[in-house]
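**Q** Starting off with a structure, shown below.
Laboratory data are not the source of any read-out in this text; all were calculated from the coordinates shown. What you see is a predicted model, and the numbers here were worked out from it, not measured in a lab. Glycine gets a Cβ as well: all are built from the backbone with ideal geometry, and neighbour counts include every protein chain shown.
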Amino acid sequence: MRPDERRGARRPHTVVALLVLASFTVITLDARPSGDSPVDPLRSTAGAVFGPMETGASAAVSPLTAIPRYFGDVSDLRTRNTELEDANARLESELRTSALARQRAGELDDLLGVTEDEGYRLVPAQVVAIGAAQAFSRTVTIDAGRGDGVRPDMTVLNGQGLVGRVIDASRSTATVLLAIDPDSVVGGRLGRTMELGFVSGDGEIGEDGRLTLELVDDVVEPRIGDTVATWGSRGGAPYVAGVPIGEVTKIESSPRELSKSVVLTPYVDYSSLDLVGVVVGTDSADGRVPVDTAARSAR
Amino acid sequence: MTTVRVLAVTGLVMVAVTLQLGVLPTLVLTDVVPNLVLVVVIAMAMSRGPEFGALVGFAAGLALDLAPPADHTAGRWALAFVVVGYLVGMARRDVRTSVLATVVLVAAGSFIGTSLFALSGLVLGDQGVTVGGVAHVVPLALLYDVLLTPLVVPLVLAMMRRLEPAVARL
């Protein structure tokens, strides 16, 4: 269309007004407090399109992004690179990839260690996209989806401890809400006294990311260094029991509030998430591991 | 707009969304990520004016709202980008094309876009949006977007010129 000058000057306002209205419509449709939103089918379509693209892009740059992670300081790396000259470049990149592979194998071992004790069935997955701080919510995309048995409200963990829970799953990818998100609330149990509380995040992903544990019983005296693990819900959704969350590093009690607020340092480093596992089931149907009485009486 | 142009613009927006979600977070050390999609929208608005800018802004914003791992209320980025595309497109008519003008437009667009998104979150009561968080995020995002400008804007402008070389629209 080639509008004449006069129309060209007027038309944008109509188009923009329509587009603003369209945006408001989408927001209104999606902003329902209840779980179901008419935008969800669109969202899973977008997941089916962008999920594999994100997976591919993330895989393509993973040797590149692994450099600062495995060789420490970037400037350090630059000095070393100039020393080694061009001839070493090919060898070096091979070395990096194998270091990456070894690191991943180690992470997988850790993951298996966590699950062996608890009898969970895990689907391993790679973090392929990370939500920006501009979006004000702490979510990541993983490269396992409905096709791998991943469903919303499944626990996600790694070798260190609790990562978060699945909030949305498309065919080949899933979105994980990190435990550090301000909107995330996890039922937690103080390791030493078995006291219950609720763990929520502060949204800080880096080194200074902290979790807060609100204890149900204010008489309980937590100690610095106490471990907090998930207490788990019926059927293991959204969180299975016994996954370590973090360690008590500070205790704040205010006279105004009835309960104490306990500051935890999470075991998981949310800024360098790579290999994670999704708990897709437990060995027994209801999450209980049967006690083998026959073996005991035979002894 | 011919089919080729629609395809080219769609492709560019999809690549920008993919790079922003899948690649940029691992390349930058902070949790604030350069908003590549926003810079692409601004560049397109600069090349084609308010109507086109708003249209691309809506499409790109909606893609960013829906692509995983987005968790916020859908339509918030779309609204912010429509306004940015429109305003940048309008401003383009008043300023002469220069490096400084481009940088100022991107900075203004980034500020308006990020702030509008945060504001809609505050109004809707979406999770995690706090005034302190906004104050931390907006300046850093602006800095990143300005840094992206020399890498992205000339490329997009060149692409748009190739797509429609003869017509110089107001």
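**Q** Taking 7 Å along the Cα-to-C-beta vector as the label spot, tell me the A:Leu196-A:Asp208 distance in nanometres, rounded to one decimal.
**A** The answer from the label model is 3.4 nm.
**Q** Let me ask you something else. Could you tally the net charge around A:Ser184, taking each other residue with its Cβ under 10 Å from the Cβ of A:Ser184, Lys/Arg +1 and Asp/Glu -1? Intermediate results must be reported in sequence, preceding the final value.
**A** Working: positive: A:Arg138, A:Arg165; negative: A:Asp181, A:Asp183.
Overall, the nearby charge balance is 0.
**Q** If Lys and Arg each add +1 and Asp and Glu each add -1, what is the summed charge of the other residues whose beta carbon sits under 12 Å from the beta carbon of A:Ala169?
**A** Details: positive: A:Arg43, A:Arg146, A:Arg151, A:Arg165, A:Arg171; negative: A:Asp40, A:Asp143, A:Asp148, A:Asp153, A:Asp168.
Value of the local net charge: 0.
**Q** So, one more: For B:Met159, A:Met194, B:Met44, A:Met154, what's the fewest-to-most ordering of other Cβ within 10 Å of each Cβ? Write out the running numbers ahead of the final one.
**A** Values: B:Met159 15, A:Met194 9, B:Met44 27, A:Met154 23.
Going from sparsest to densest Cβ surroundings: A:Met194, B:Met159, A:Met154, B:Met44.
**Q** I've got another one for you. What is the calculated FRET efficiency for B:Met159 to B:His136, with r their C-beta to C-beta distance and R₀ = 56 Å, to the nearest 0.05? Kindly include the intermediate steps, with their values, before the conclusion.
**A** Working: r = 34 Å, r/R0 = 0.60.
It comes to 0.95.
**Q** Pairs of alpha-carbon atoms within less than 8 angstrom and 6+ residues apart define the contacts here; what relative contact order does chain B have, in percent? Please report the intermediate quantities before stating the final value.
**A** Working: 216 pairs, mean separation 41.9, N = 170.
So the answer I get is 25 percent.
**Q** Same structure, new question: State whether chain B is rounded, prolate or oblate according to the following rule on the C-alpha gyration tensor (a ≥ b ≥ c being the square roots of its eigenvalues): a/c under 1.5 gives rounded; otherwise a/b larger than b/c gives prolate, and the remaining case gives oblate.
**A** Prolate.
**Q** At 222 nm, what value in deg cm²/dmol follows for chain B if DSSP H runs of at least 4 each add -39500 (n - 2.57) and the sum is divided by all its residues, to the nearest 500? Mind showing how you got there, number by number?
**A** Details: 7 runs with 132 residues, N = 170.
-26500 deg cm²/dmol, from helical runs alone.
**Q** Also: Length gain on complete extension for the stretch B:Thr2 to B:Asp94, per 0.36 nm per residue less the alpha carbon to alpha carbon distance? List each step's numbers first, then the result.
**A** On the way: separation 92, 0.36 × 92 = 33.12 nm, distance 2.80 nm.
That works out to 30.3 nm of additional length.
**Q** A follow-up question, please. Could you line up A:Asp217, B:Asp65, A:Asp109, A:Asp30 from fewest to most neighbouring Cβ atoms inside 10 Å?
**A** Working: A:Asp217 13, B:Asp65 28, A:Asp109 10, A:Asp30 21.
If I rank by nearby Cβ atoms, fewest first, I get A:Asp109, A:Asp217, A:Asp30, B:Asp65.
**Q** Sorting check: for A:157-165, B:76-84, which peptide has the highest mean count of neighbouring beta carbons within 10 Å, and how do the rest follow?
**A** Details: A:157-165: 23.4, B:76-84: 28.7.
Packing order, densest peptide first, comes out as B:76-84, A:157-165.
**Q** Out of the GluC sites (Glu not before Pro) in the stretch A:197-234, which ones are loop residues according to DSSP with at most 10 other C-beta atoms within 10 Å?
**A** On the way: sites: A:Glu204, A:Glu207, A:Glu214; in loops: A:Glu204, A:Glu207.
Here the GluC sites (Glu not before Pro) that fit, given the DSSP loop and packing criteria, are A:Glu207.
**Q** Count, for each residue of A:268-275, the Cβ atoms from other chains sitting within 10 Å of its Cβ, then give me the mean as a whole number.
**A** Details: counts 0, 0, 1, 4, 1, 0, 1, 0.
Across A:268-275, the average partner-chain Cβ count within 10 Å equals 1.
**Q** Order of A:Ser200, B:Ser115, A:Ser58 from fewest to most other C-beta atoms within 10 Å?
**A** Working: A:Ser200 19, B:Ser115 16, A:Ser58 23.
Starting with the residue having the fewest Cβ neighbours, the order is B:Ser115, A:Ser200, A:Ser58.
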